[in-house]
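Presented below is the structure to which this report refers.
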Amino acid sequence: MTSPSRPVAEIDAENLVLQGPKTFRVHGSVYTDEAVFREEMQRIYSSTWVFVAHESQLPHPGDYKTSHIGLQPVIVSRSEDGAVHVLFNRCVHRAAVVCRMDKGTANYFRCPYHGWVYGNDGRLTGISQRGGGYDDDFDAPEGLKRAARVESYRGLVFASLNPDVPPLTEHLGNARHWIDRQFDRSPEGSIDLRYAPHVSQYEGNWKFQAENTVDGYHGDHVHESFWMVQEQFGRESGTHGAYTQSSVRDIKKMRRQGQVMGFEGGHGLWNTPFDPAALDGLLAGPHADYYQTLLDRHGRDELLVMLSNINVYVFPNLGVLHGQLRVIRPMTVERTEVALYPFALSGAPDALNEERLAGYERFFGPSSFGSPDDVEIFALNQEGLQAGAVDWLILERGISREKVVDDVDRTSHVTDETPQRQFYRRWLRAMGASAVPDTVPEPLRAQARVAGAQA
Amino acid sequence: MSAPTAGDLTTLDVAAAAAFLHREARLLDERRLDEWLGLFAPDALYWLPINADAEPGTHRDTSLIFDGDVRRRERVYRLLSTPLPSQNPPSRTLHAVSNVEVEPAADGVVRVYSNQLVVEVRTGDHTQRGLGTQNIFAGHCTHDLVRHEGEWRIRMKKLVLLTRDAAVPNLTFML
């Protein structure tokens, strides 16, 4: 076994991504090599901000939920004083987990092995049969080990194992404005994870879900089935889902309008516009008061952006899109869990939230008409990668037409692979690539092939 | 169909209820899904809840399936008439029904409890991940049956899977 902290990288990340003016290729071993995966757990999941919970999942003192930072199990707990703690789910005595439920309410966590007891703030409050068994000057740990840093943004709780990680808002960068636009659809400006999640696992690398959350190129093909359902039943099915009253042809046309963005921090955006002509219908519809409130607060121009289709990916493990938080949990180099938490808009009419949930369920979840087709593709990807005779995956769509905005972010046509390239630029920095080559010399290609062969 | 005798149009005995469920299982396994749609009364619900304690018929929490009449027809259309990666190759299923019990009729609704085991496999190139592996889905099932146009029809089918709140795999086949 490799020890958890290694000073020297096992892999040479910069050889795993080919970059040039018209070149952007990722080596297959990025998705299959266990050394790459171990390195990612260390250099990404143990170094940057990782999403662990939403505050609405812990509304009251004593509430907790379990979560993960990479492979490491944690408990996110709210103590009596209202503070949120991110604690490793491991007894500091002899390592057993102290919490076996996914969520609940608890005054304390008691290790089932030898009965050590911790408060819901993580402090060690009791050692069973202490007297006589331990010296008076026994060096007892303070309690459950806690994440080095915890910060939240609009209720999204992130933790980091890195005490020197930059502030969370800096990490989120301009991606946070597109989270704002989704949460601002609530009249109270907040979301509520009151619904059960859909949880699935797939036999593929975690980065396939990360890339696909903001991929505007696959829809015509992977989701043709859904467009056909929509063409056939869109009118009868009411407001559930997008593209009502449209033909497959029109849906495909609509999905070619808009933009993608790749943000400095490796985050991404997929965004297709809301038809301004439809706003009048909403303002005269069954939820007129709700839409009028939003219009008064945000103005017409901003409201039209807020009502557009917005998919945000936050590096490395969070998606905010289509009324859901999407949490990616890497398990092994070729196994990943994805939890989809549909959320309610706080203060919105119950009927609107029910419609949103019904629309969500139609496309998302293991029995739905959309996301199972994406998940199937991830397994196909991983299967195809067994053909290691092919070196590279090609992420060059739109490379010559993307533009730099705000000096650090990039934007391009809605079907371009701009967010995916920005993801890998961030990935390279995190993985310790020292320089980003702007040409692709043949020796580097050869080196990368060797790196792949060693995988 | 397990048509009841002319003298008994208000309830089913266990044998007749089991025969109804067996017929439904056969239609699902043979992918005769248009006929399966015909087993439902108007305004019927086909429901796989995640929260087993949710009140019947309400929609206040996430479900794996919450199909009213339109959504049920959409599901069948998608399975039989559209190109979907998650069912290429398609699932083979075996629905086994047991432990059938009938509750006395109330307000014209007969409640039938059963245990359902669904065994599912996708073959194709069985050497590939996701294919060639047999999966088992066990659940407690409740059928509310009503008389409609002279036949017993489903008002609600509720299937509570044992794994409903754990990680579940591709469930795009008929359960």
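Tabulated data
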quantity: Members of the range A:87-108 that are of a type outside the set (A, V, I, L, M, F, W, C), assigned to a loop (DSSP other than H, G, I, E, B) and either under 20 Å from A:Phe51 (Cα atoms) or touching a residue at least 60 places away in the same chain (Cβ under 8 Å) (or both); calculated: A:Asn89, A:Arg90, A:Asp102
quantity: In the range A:363-372, the residues that are more than 7 Å from chain B (Cβ to nearest Cβ) and open to solvent by less than 10 Å² (accessible area, probe 1.4 Å); calculated: A:Ser368, A:Gly370
quantity: Residue match in the range A:99-115 (condition: open to solvent by 60 Å² or more (accessible area, probe 1.4 Å) and of a type in the set (A, V, I, L, M, F, W, C)); calculated: yes
quantity: All helices (runs of 4 or more DSSP H) inside the range A:183-240 with 2 or more residues being of a type in the set (Asp, Glu); calculated: A:224-233
quantity: Selected residue [assigned to a helix (DSSP H, G or I) and among the aliphatic types (A, V, I, L, M)] from A:Leu294, A:Leu340, A:Leu325; calculated: A:Leu294
quantity: Failed condition for A:Thr66, given (1) surrounded by fewer than 19 Cβ atoms within 10 Å (Cβ to Cβ); (2) without any contact (Cβ under 8 Å) to a residue 60 or more places away in the chain; (3) among the β-branched types (Val, Ile, Thr); calculated: (1)
quantity: B:Glu35, sole failed condition from (1) without any contact (Cβ under 8 Å) to a residue 24 or more places away in the chain; (2) open to solvent by less than 20 Å² (accessible area, probe 1.4 Å); (3) in a helix (DSSP H, G or I); calculated: (2)
quantity: Residue in the range B:75-90 that is farthest from the other protein chains (Cβ to nearest Cβ), counting only those that are part of a helix (DSSP H, G or I) and open to solvent by 10 Å² or more (accessible area, probe 1.4 Å); calculated: B:Leu80
quantity: Residue in the range A:230-237 that is among the aromatic types (Phe, Trp, Tyr) and within 14 Å of chain B (Cβ to nearest Cβ) present; calculated: yes
quantity: Qualifying residue in the range A:274-281 (condition: crowded, with 19+ Cβ neighbours inside 10 Å, without any contact (Cβ under 8 Å) to a residue 24 or more places away in the chain and either assigned to a helix (DSSP H, G or I) or of a type outside the set (Val, Ile, Thr) (or both)); calculated: no
quantity: Condition check for A:Ala389: out of contact with any strand residue (DSSP E or B) (no Cβ under 7 Å at 6 or more places or on another chain), crowded, with 18+ Cβ neighbours inside 10 Å and more than 14 Å from chain B (Cβ to nearest Cβ); calculated: no
quantity: Boolean, A:Arg94 is under 26 Å from A:Pro163 (Cα atoms), open to solvent by 10 Å² or more (accessible area, probe 1.4 Å) and modelled with pLDDT of 95 or more; calculated: yes
quantity: Meets criteria (in the same structural domain as A:Gln57 (by TED's automatic domain parsing), in contact with a helix residue (DSSP H, G or I) (Cβ under 6 Å, 6 or more places away or on another chain) and open to solvent by 50 Å² or more (accessible area, probe 1.4 Å)) for A:Glu151; calculated: yes
quantity: Residues within the range A:172-203 that are more than 30 Å from A:Gln382 (Cα to Cα) and either of a type in the set (A, V, I, L, M) or away from chain B (no Cβ under 14 Å) (or both), tallied; calculated: 19
quantity: Cross-chain or 6+ apart pairs with Cβ under 7 Å, the range A:110-130 first and closer than 23 Å to A:Ala148 by Cα and in the same structural domain as A:Arg78 (by TED's automatic domain parsing), then among the charged types (D, E, K, R) and surrounded by 16 or more Cβ atoms within 10 Å (Cβ to Cβ); calculated: A:Val117/A:Arg110; A:Gly122/A:Arg146
quantity: Test result for A:Val214, touching a Gly at 6+ places or on another chain (Cβ under 9 Å), over 30 Å from A:Pro59 (Cβ atoms) and open to solvent by less than 40 Å² (accessible area, probe 1.4 Å); calculated: yes
quantity: Residues (modelled with pLDDT under 95 and of a type in the set (Asp, Glu)) located in the range A:1-38; calculated: A:Glu10, A:Asp12, A:Glu14
quantity: Candidates B:Leu117, B:Leu159, B:Leu94 - the one that is crowded, with 20+ Cβ neighbours inside 10 Å and touching a residue at least 12 places away in the same chain (Cβ under 8 Å); calculated: B:Leu159
quantity: Residues located in the range B:142-156, provided they are crowded, with 20+ Cβ neighbours inside 10 Å and either within 13 Å of chain A (Cβ to nearest Cβ) or hydrophobic (A, V, I, L, M, F, W, C) (or both); calculated: B:Leu145, B:Trp152, B:Ile154, B:Met156
quantity: Checklist (1) of a type in the set (Val, Ile, Thr); (2) more than 9 Å from chain A (Cβ to nearest Cβ); (3) open to solvent by 10 Å² or more (accessible area, probe 1.4 Å) applied to B:Val110, failing item; calculated: (3)
quantity: Verdict on A:Val222 being in contact with a helix residue (DSSP H, G or I) (Cβ under 9 Å, 6 or more places away or on another chain) and open to solvent by 10 Å² or more (accessible area, probe 1.4 Å); calculated: yes
quantity: Residues satisfying the stated conditions in the range B:59-74, i.e. under 23 Å from B:Pro42 (Cβ atoms), touching a residue at least 24 places away in the same chain (Cβ under 8 Å), open to solvent by less than 20 Å² (accessible area, probe 1.4 Å) and facing chain A (nearest Cβ under 9 Å); calculated: B:Ile65
quantity: The one condition in (1) small (Gly, Ala, Ser); (2) open to solvent by less than 20 Å² (accessible area, probe 1.4 Å); (3) within 24 Å of the chain's Cα centre (by Cα) that A:Gly258 fails to fulfil; calculated: (2)
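The values are calculated or read from the model by the stated rules, or taken from the named source; none is laboratory data. Keep in mind that what you see is a predicted model, and the values were worked out from it rather than measured. Neighbour counts are summed over all protein chains in view; Cβ atoms, including those assigned to glycine, are modelled from backbone coordinates with ideal geometry. Ligands, DNA and RNA are stripped out before the accessible areas are found, and what is left, the full protein with its side chains, is counted by its heavy atoms. Shrake-Rupley method; radii C 1.70, N 1.55, O 1.52, S 1.80 Å.
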